[in-house]
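Asker: Questions regarding the structure given below will be posed in turn.
The values are calculated or read from the model by the stated rules, or taken from the named source; none is laboratory data. Just so you know, these numbers come straight off a predicted model, no measurement behind them. Cβ placement follows ideal geometry from the backbone for every residue including glycine, while neighbour counts extend to all protein chains displayed. Note: accessible area is taken over every heavy atom of the protein model, side chains too, but ligands, DNA and RNA are not part of it. Shrake-Rupley method; radii C 1.70, N 1.55, O 1.52, S 1.80 Å.
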Amino acid sequence: MTQGLDVSALFMDMVKASAKVDIVQKKLVYLYMCTYASDKPDLALLAINTFRKDCADPNPMVRGLALRNMCNFRMPGMTEYIEQPIVAGLRDKASYVRRVAVLGCAKMHSLQPNTEIDGIIVNELYALLRDPDPVVVVNCLRALEEILKDEGGVVINKPIAHHLLNRMKDLDSWAQSEVLTFLLRYHPRSDDELFDVLSLLHAFLQSAHAHVAVATLRLFLHLASAHPAVQADALLCTSAPLLATCGAASRELRFTGLCHVQQVMRSQPGLFGTHYKCFFCGYSEPTYIKFRKMEILVELVNDENVALVLEELRSYCTDVSPELAQAAIAAIGRIARTYSEKCLDILTGLLALKQDHITSAVIQTFRDLVWFCPQSTAAVCQTVEACVDSPQDSEGKQTLLWLLGEHGEQISSAPYVMEGYIDGLKTELSSAVKMELLTTAVKTFLCRPAETQDMLGRLLHYCIEEESDVCVRDRALLYYRLLQRGVEETRKVVTGPKSDPSMSVLTGRQEEPISQWASTFNTLGLLSGRDLCLQTAVISAADQPSNSTGKELLPDVTLSSPNDTEEEISLSLGPPLSHETFEKMWLDLEILHRQTLGSPRPRTAPDTLQAALQLVKIQTLAFTPGDTVLWKAYIYTRSTGTLILAELLQGDPQAPGSDESLVVSVKQQPVNQHAIRGFASILKSVLQTLNVDSS
Amino acid sequence: MISQIFILSSKGDHLIYKDFRGEESKDSINVFYEMVTALSGDQPPVVMSHKGLHFIHARQGGLYWVASTKTNPSPFTIIEFLNRLAALTKDYCGSLSEKSVRMNFALIYELLDEMVDFGYIQTTSTDILKNFIQTEAVSSKPFSLFDLSNVGLFGAETQQSKVAPSVAASRPIMSSRGEQYNSKNHGVLMKADIHGEIKIKCFLPSCSEMRIGLNEELSIGKSQLKGYSSAVRVDECRFHQAVKLDEFDTFRILKVCPSQGEQTVMQYQLCDELPCAPPFQLFPSVEKDYVNRVLIFLKLRCDLPPKSTALNVSITVPVPKGSTSMSQELSSPDQTAELQPKNKALLWEIPRFPGGAQLSALFKVDVPGLSSASLLEVGPVSMSFELPKQTCTGLQIRFLRLSPTQTGLSQRWVRYVTHSDSYTIRI
């Protein structure tokens, strides 16, 4: 059974076996029954008699066991059989049975979630909060929380809060951290009471159990939100247990600790400054821990430890794992924004290793460095000039080209390096590199025309005449036409004024107020990284100004369709989704809505379609080119807290008759049918307008 | 609250599955396994989400211990609980492996049934649990007095009621980092971190008070010093909540009524200022030999006292990328060395290394296309080892007494061991 085999056919024999006295056998039979009860409700009813008999057994262990398992039967109509034993169990003299009975109330409620709340049971549970057994007390809180979920959960008033605070010492660590979470709901009336509560709890800040210490810290941060000094003091007290978890034997715990340290540092960057050595990576640690540690190290750098930290990071740069090596190089790049000279020495030294992934990462770091602190430009240019071998991956190539273009006048060899790329253009696969090459060539031409003119001509000729990629061709045409307007005109456009990001380095990162993260402290969201972040991003996505490129092209798209009587829904673009995230979510979610749009695919250029959709705040992620038979497009948008993903499909072989018309399939997270209807009608009207235009 | 708990083998076989709330179907196991195997290195794998269901997992003994939940609980609680579950399973079954979990599945279900109800943690204390656990544990290996790691604590039938040994082991985890230069004889110690703990493994059937005496000159914290002899010092220590400390301040005696099973009585930490020299000193030299060959000469000295021995010493030296082959000269036949091109490293293993001894090894590594910069890729050297009968802090158990003295036979074993966690030497 535990290995996934279906043995439900034996249920009848098991019912007979349950009458046995042997307690080991009984436990196994109960386990079996709980697993299959929902499949065979009629047979399970036969077993109920045995259970009820066991509920009256003189041995409290048997009573508790029977009651617990009986409540675990998840089948309809169970309530009438379990109600009486539960009520009896609440008054049992053995605390073991009371514990089971209290949670039994919650189970009973979850079996029939829509029934009215039984006032008697609720009152009884509130009374049991005074029970001498600590586990019964905590179970009461848990059960009340579930039963009263619709009314906002269990009420923590002053007497209950104080009672719980006084019982804290009797509880075991699991119960302690749970009670601390319940206490988040309590607001002391006066400052005096608040400080009484806090001093009662102060000892728990340094509990040997990390989960208790962290739960206490969370409560402190919450309760003392008006007293920053108290918060700072609590953080200081907890720093020792937090650091201890960062060195714990269990990797998972270590990771959790690191994530929380990172969060605390958002407000108190100095708190762990003296302990920077705790964040040096051990060689046997898994990569995900090393990444976190490096992120923390970068934040902790100061005048005293910079040399040691850099030396440590330097030794990670030659790690076996390319990802780790690249992350270490990027970390050095971050430190270089403050301590450029030392870091540049290290980075230059790394170039001598002549390993592709290292060279590429170093050059990318240089690019960011030049952008964020322009004063290092001269040194970087010197190094790039001296660097003989060029990166092989497209990311690295793009970066090198960008550097050449941006600072061509300082790198004397720029035209010759570029010439190498232009000569190898036919074998270049990545269109992004080609685009970058075009920009670089034009920029270099503007500052050093004599050396570049010839190769720029060759490049433009190739890109316009022979290149198959539309984007590259369009970009080349753009530059060609621009150059036709004259060199000065081109200079104005290509090397226009830039924003100055170096200001942000000087001002440094703002220390965030604690309240900004206190609500997520000690929750899963902190650890799970992307997925939960994505969800919050969806919710917090404010209406961003839409990309207005489409406006000139299609000034007369009307948004509301004539028969749209529903209340207008507003779409927004929000932060962009990456292809990977989109794909992952697309695979995860179910199709909620499918509809034929009744109009064929507009025969316009892909750019126009994209711009038109963007105008109504629908972002196009990808579409199949031109006249493919099975034409597809993936689009997404956000609306009032939900993310809508959609696929447009023309000529689906499975849907005959829809040859001409587009079919849209919508997925959404979280579900909001109203938004889907609004989205569909907007989409429909855009496509209709486009079709009218193009015909 | 926890929705399901399951234990999977590393191959994804279902070993244990318990659904506490009936919110999710059993398919979530497969969903989890697909997600965890599809992970690449840079993603944080501890918490994963799928359609509103969060999986939190810990790896122990080569198994996945997974809890799933639909709410947003404290990650510390869940992870510590999973670790505790694994530790309890180990206590009951003797060892953590796929085999022992399979053999004791009834017992583990019983444990889970008592520990968690409706997704809420009820208790994890061995004292309470042992009253309820009825199934006898099945030991997967024959019982041997010499291999204590394999003894089931409560149930294992191999254990006789007359033998009631209790063991206190002091187990500092040595994690130190030395920095050494090519030309200098003495390296500079950059960072040393010792995490130690005193563990009790107790088989006594009835609970009586145990008194553990530590070094009297033990001092805690930076400023406090006791006596004139060379002090044994730790920076910080934490005690199990059941330890009574009334005699600790004056006599350094811990009083505890141990419950059956393994418990950590005291945890301590020492940073940077070690009382003794780090156990190993390395004198490396790395040279370019011929056109395509690197010469690595390593001289390793063990600075332990002459009577002690280090066991299972293994030394990992990173070598330049593209190394193809290696020839070696080792000083004794029981040592081995091999080149691992996949990890860009050479591994030198020494099964026994007596204190005060000095071993040397010469490796010639062929690297096609060698440049002088490639030599920078050699290093840092990392080592792993075990030091039996040795604590780096010098903390000792002076005595271990039971009061009132047991009439029957009671045996006491004290074991000291130091494990390396991350011992790295820069070249």
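Asker: Against the conditions (1) within 14 Å of chain B (Cβ to nearest Cβ); (2) modelled with pLDDT of 90 or more, where does A:GLY153 fall short? Just the number, please.
Answerer: Result: A:GLY153 fails condition (2) only.
Asker: OK, next. Taking the stretch B:36-55 only, how many residues are over 21 Å from B:GLU98 (Cβ atoms) and either of a type in the set (Ser, Thr, Tyr) or facing another protein chain (nearest Cβ under 8 Å) (or both)?
Answerer: Going through the stretch B:36-55 one residue at a time, the tally reaches 12.
Asker: With a cut-off of at least 1 residues that are out of contact with any helix residue (DSSP H, G or I) (no Cβ under 8 Å at 6 or more places or on another chain) and open to solvent by 10 Å² or more (accessible area, probe 1.4 Å), name the strands (runs of 3 or more DSSP E) lying wholly within the stretch A:578-647.
Answerer: Filter on the stretch A:578-647 gives A:593-596, A:631-639.
Asker: A follow-up question, please. So A:PRO656 ticks every box in (1) farther than 24 Å from B:MET48 by Cβ; (2) modelled with pLDDT under 75; (3) buried (at least 18 other Cβ atoms within 10 Å of the Cβ) but one. Which box is left unticked?
Answerer: The number of the failed condition is (3).
Asker: Another one. Quick one: B:ALA58 ticks every box in (1) facing another protein chain (nearest Cβ under 7 Å); (2) part of a loop (DSSP other than H, G, I, E, B) except a single one, so which number is it?
Answerer: (2)
Asker: Have a look at A:PHE291, A:PHE280 and point out the one that is within 25 Å of A:ALA249 (Cβ to Cβ), hydrophobic (A, V, I, L, M, F, W, C), out of contact with any Cys (no Cβ under 6 Å at 6 or more places or on another chain) and open to solvent by 10 Å² or more (accessible area, probe 1.4 Å).
Answerer: So the residue among A:PHE291, A:PHE280 that is within 25 Å of A:ALA249 (Cβ to Cβ), hydrophobic (A, V, I, L, M, F, W, C), out of contact with any Cys (no Cβ under 6 Å at 6 or more places or on another chain) and open to solvent by 10 Å² or more (accessible area, probe 1.4 Å) is A:PHE291.
Asker: A:SER284 passes all but one of (1) assigned to a loop (DSSP other than H, G, I, E, B); (2) touching an Asp or Glu at 6+ places or on another chain (Cβ under 7 Å); (3) within 12 Å of chain B (Cβ to nearest Cβ); which number fails?
Answerer: Tallying (1) assigned to a loop (DSSP other than H, G, I, E, B); (2) touching an Asp or Glu at 6+ places or on another chain (Cβ under 7 Å); (3) within 12 Å of chain B (Cβ to nearest Cβ), A:SER284 fails exactly one: (2).
Asker: What residue, of A:THR377, A:THR318, A:THR399, is open to solvent by less than 30 Å² (accessible area, probe 1.4 Å) and either under 21 Å from A:LYS290 (Cβ atoms) or within 13 Å of another protein chain (Cβ to nearest Cβ) (or both)?
Answerer: A:THR318
Asker: Of the residues A:ILE346, A:ILE332, which is under 25 Å from A:GLU285 (Cβ atoms) and open to solvent by less than 10 Å² (accessible area, probe 1.4 Å)?
Answerer: A:ILE332
Asker: Ok, one more. Being aliphatic (A, V, I, L, M) and surrounded by 14 or more Cβ atoms within 10 Å (Cβ to Cβ) is the filter here, so list the residues in the stretch B:285-304 that pass it.
Answerer: B:VAL286, B:VAL294, B:LEU295, B:ILE296, B:LEU298, B:LEU300, B:LEU304
Asker: List every residue pair whose Cβ atoms lie under 7 Å apart, where the two residues are 6 or more positions apart in sequence or sit on different chains, the first residue falls within the stretch A:432-452 and is part of a helix (DSSP H, G or I), and the second residue, located anywhere, is surrounded by fewer than 22 Cβ atoms within 10 Å (Cβ to Cβ) and among the small types (Gly, Ala, Ser).
Answerer: Filtered contacts from the stretch A:432-452: A:ALA432/A:SER394; A:VAL433/A:SER394.
Here's the yes/no breakdown for (1) more than 26 Å from B:GLU23 (Cβ to Cβ); (2) open to solvent by 10 Å² or more (accessible area, probe 1.4 Å); (3) touching a residue at least 24 places away in the same chain (Cβ under 8 Å); (4) touching a helix residue (DSSP H, G or I) at 6+ places or on another chain (Cβ under 7 Å):
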{"residue": "A:LEU103", "(1), (2), (3), (4)": "no, no, yes, yes"}
{"residue": "A:ALA106", "(1), (2), (3), (4)": "no, no, yes, yes"}
{"residue": "A:PRO113", "(1), (2), (3), (4)": "no, yes, no, no"}
{"residue": "A:ASN123", "(1), (2), (3), (4)": "yes, yes, no, no"}
{"residue": "A:PRO132", "(1), (2), (3), (4)": "yes, yes, yes, no"}
{"residue": "A:GLU145", "(1), (2), (3), (4)": "no, yes, yes, no"}
{"residue": "A:HIS163", "(1), (2), (3), (4)": "yes, yes, yes, no"}
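Asker: Continuing with this model, one more query. So in the stretch B:367-383, with the set limited to residues that are part of a strand (DSSP E or B) and more than 9 Å from chain A (Cβ to nearest Cβ), which one is nearest to the chain's Cα centre (by Cα)?
Answerer: Top of the filtered list is B:MET383.
Asker: Continuing with this model, one more query. Which of the residues belonging to the stretch A:463-473 are assigned to a helix (DSSP H, G or I) and either outside the structural domain of A:GLU409 (by the TED database) or open to solvent by 70 Å² or more (accessible area, probe 1.4 Å) (or both)?
Answerer: Within the stretch A:463-473, A:GLU465, A:VAL470, A:CYS471, A:ARG473 meet the criteria.
Asker: Name the residue that is surrounded by the fewest Cβ atoms within 10 Å (Cβ to Cβ), counting only residues in the stretch A:1-45 that are acidic (Asp, Glu) and modelled with pLDDT of 75 or more.
Answerer: Top of the filtered list is A:ASP42.
Asker: Using beta carbons and a limit of 7 Å, which pairs, at least six apart or on different chains, have the first residue in the stretch B:11-35 and within 9 Å of chain A (Cβ to nearest Cβ) and without any contact (Cβ under 8 Å) to a residue 40 or more places away in the chain and the second one among the charged types (D, E, K, R) and part of a loop (DSSP other than H, G, I, E, B)?
Answerer: B:TYR17/B:LYS26; B:GLY22/A:ARG74
Residues are listed down the side, and each one gets a yes or a no for (1) of a type in the set (Gly, Ala, Ser); (2) within 26 Å of A:ALA327 (Cα to Cα); (3) in the same structural domain as A:THR490 (by the TED database):
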residue	(1), (2), (3)
A:ALA378	yes, yes, no
A:PRO415	no, no, yes
A:TYR421	no, no, yes
A:VAL433	no, yes, yes
A:MET455	no, no, yes
A:HIS461	no, no, yes
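Asker: Of the residues A:CYS259, A:CYS317, which is within 26 Å of the chain's Cα centre (by Cα) and either among the β-branched types (Val, Ile, Thr) or at pLDDT 85 or above (or both)?
Answerer: A:CYS259
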